[in-house]
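Engineer: Below are the structure tokens for one structure; questions will follow.
The values are calculated or read from the model by the stated rules, or taken from the named source; none is laboratory data. What you are looking at is a predicted structure, and each value in this text was computed from that prediction instead of being measured. So basically every Cβ, Gly included, is an ideal-geometry build from the backbone, and we count neighbours across all protein chains shown. To get the accessible areas, we keep the full protein, side chains included, count just its heavy atoms, and leave off ligands, DNA and RNA. Shrake-Rupley method; radii C 1.70, N 1.55, O 1.52, S 1.80 Å.
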Amino acid sequence: MTPPETLTQRETARGDRPLGSALQDHAKIHSGLRYDITLDGTADPKGNAHLILNALADPRPRSAFFTA
């Protein structure tokens, strides 16, 4: 996930969103969810792509996203 400081910096740089909306969205969207893979929004895109490809090469029988 992307750190809150980075979300705020990106939001400010864009200039097309109300300040604070990125943090509000982050809190609402990810609240209570579990993910099979978590990517670092500040990491090198190739590194994140490698994580995704590895996860796809060895899929889990049932996603953690749908479990409570």
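Engineer: With +1 on the Cβ of every Lys and Arg and -1 on the Cβ of every Asp and Glu, and nothing else charged, how large is the dipole of the chain about its Cα centre, in debye rounded to the nearest 20?
Structural biologist: Magnitude of the dipole: close to 200 debye.
Engineer: Report, to the nearest 10°, how far helix 21-30 tilts away from the longest principal axis of the Cα atoms in the chain, using its own Cα long axis and a range of 0 to 90°.
Structural biologist: 20
Engineer: Next up: Accessible area of the chain with a 1.4 Å probe: how many percent of it is carbon plus sulfur? Before the final figure, lay out each step's value.
Structural biologist: On the way: 3230 of 5450 Å².
Whole-percent figure for carbon plus sulfur exposure: 59.
Engineer: How tilted is helix 45-57 with respect to the longest principal axis of the chain? Cα atoms for both, answer in degrees (0 to 90, nearest 10).
Structural biologist: Around 30 degrees separate the two axes.
Engineer: Could you work out how far helix 4-14 tilts from the main Cα principal axis of the chain, as a 0 to 90 degree angle to the nearest 10?
Structural biologist: 60
Engineer: What is the gain in length, in nm to one decimal, between Arg17 and His30 on full extension, counting 0.36 nm per residue of separation less the C-alpha to C-alpha distance? Write out the running numbers ahead of the final one.
Structural biologist: Working: separation 13, 0.36 × 13 = 4.68 nm, distance 1.95 nm.
Extending this stretch completely gives an extra 2.7 nm.
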